[in-house]
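Encoded as structure tokens, the structure appears first; notes follow it.
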Amino acid sequence: MNPRFIMVGGFLGAGKTTTVGRLARHYTSQGKKVGIVTNDQTTDLVDTHSLRSQGFDVGEVAGACFCCNFNELTATVERLAAEALPDVILAEPVGSCTDLVATVLRPLTQIYQRPFDIAPYGVILKPSHGAKILKREAKGGFSPKAEYIFRKQLEEADFIILNRIDELSGDEVSELTQLLEDQFPDRPIIRISARTGEGFEALSEFIERQGQFGRRVMELDYDVYAEGEAELGWLNSQVLVEAPEPFDLDALLLDIIARLHRRFISAGAEAAHLKTIGLCDGCYAVANLVSNSTQPELSLPSKTRTKDANVVVNARVATDPADLEVFVREEVAAACKAIGATHEVATLQSFRPGRPVPTHRITEAVG
């Protein structure tokens, strides 16, 4: 049997990592060997730390998106297969990337020598920004160029995953479903909560469908795409926190997120996604923020008190990277000071993504 390759796309903060983690547990419970490939523009990715902390075999493609670093993607898959070929490979691309059918799925089937069983390509809709963008509100939170990427992600999907339904009313779910049906016809829509598991059975059944997938030919203006990505400031940082007395790890992460949330609102900087993970003695916690209009949440509590922790912060925000670095440094320092802790910024990278230059781009399917 060829490995099943499942790629889960979606905009920053859509819930890809939570969905991938639930899928990984689903396949592992069936006795299948699962490999996961995460992706980011640089190192110190919260998603990688989070999934590894859950016990999964995770390879990371860092430094560029899958499409621009295709050879590293295949090399990472080979490393996951070094001991035994996974039955299932779950791939989570960068949340600001699109054109993944032409630059990832088709090259995997038409260029890469290892045969894969390609699953339907699902793209997760992020309700907080998605509702504003689909309703074409004047202030959707991002510029038209960033919204262009959001729409293109949905356009190339084999099916759309409406996530976070546990946070929406029935009327809101119905409205979003209707907007998707009107603007992206012929796309099956699966409604789920990756966090609670609601609707997950329908998702797993759809992913198991057999057939020819990743066949949507999509016109894409790479100038608009590049400019849309470059409007977001990116930051990855790793901070070592120590205190003379035990502190609540969950509370620290939430405080960091809450302080940054207030700072972004004050600066008029829209958050695409902000997440942090705290690691200590085999325990971990994750907190995140998916937009300025929503509240910070503790997505994975640790219920742990500790005197030291490794805290990783990932921020994707519509602001200048230099300003984003100041925000993160100052608010992390304030949160640590509030609990009587000292901190050391071990690593920090802040930047704008460069222009995407795919290794391969195949716009026509074979067969």
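The values are calculated or read from the model by the stated rules, or taken from the named source; none is laboratory data. Being a predicted model, the structure only gives us computed values, none of them experimental. Here Cβ is always computed from backbone atoms with ideal geometry, including for glycine, and neighbour counts include all displayed protein chains.
At a glance:
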| read-out | value |
| --- | --- |
| Residue count, region 303-317 (criterion: surrounded by 23 or more Cβ atoms within 10 Å (Cβ to Cβ) and of a type in the set (Lys, Arg)) | 1 |
| Condition check for Gly9: under 19 Å from His360 (Cα atoms), surrounded by 24 or more Cβ atoms within 10 Å (Cβ to Cβ) and in the same structural domain as Arg164 (by TED's automatic domain parsing) | yes |
| Boolean, Ala322 is of a type in the set (Gly, Ala, Ser) and within 24 Å of Lys126 (Cβ to Cβ) | no |
| Of all residues making up region 136-169, the number that are over 29 Å from Ser204 (Cα atoms) and surrounded by fewer than 18 Cβ atoms within 10 Å (Cβ to Cβ) | 7 |
| Qualifying residue in region 238-249 (condition: assigned to a loop (DSSP other than H, G, I, E, B) and either basic (Lys, Arg) or farther than 25 Å from Met7 by Cα (or both)) | no |
| Test: residue in region 7-20 that is among the β-branched types (Val, Ile, Thr) and under 17 Å from Arg316 (Cβ atoms) | yes |
| Any hit, region 318-339, residues being crowded, with 19+ Cβ neighbours inside 10 Å, under 18 Å from the mean Cα position of the chain (by Cα) and of a type in the set (Gly, Ala, Ser) | yes |
| Any helices (runs of 4 or more DSSP H) falling wholly within region 122-215 and containing at least 3 residues that are of a type in the set (Lys, Arg) | 144-155 |
| Check on Asn39, touching a Cys at 6+ places or on another chain (Cβ under 7 Å) and either modelled with pLDDT of 95 or more or not in a helix (DSSP H, G or I) (or both) | yes |
| Test: residue in region 102-111 that is buried (at least 17 other Cβ atoms within 10 Å of the Cβ) and closer than 29 Å to Phe264 by Cβ | no |
| Pair list, Cβ < 7 Å and 6+ apart or interchain, from region 46-72 residues that are basic (Lys, Arg) to residues that are not in a helix (DSSP H, G or I) | Arg52/Val58 |
| Selection status of Asp281, on the phi < 0 side of the Ramachandran plot, of a type outside the set (A, V, I, L, M) and out of contact with any helix residue (DSSP H, G or I) (no Cβ under 9 Å at 6 or more places or on another chain) | no |
| Qualifying residue in region 157-175 (condition: touching a helix residue (DSSP H, G or I) at 6+ places or on another chain (Cβ under 7 Å) and farther than 30 Å from Ile89 by Cβ) | yes |
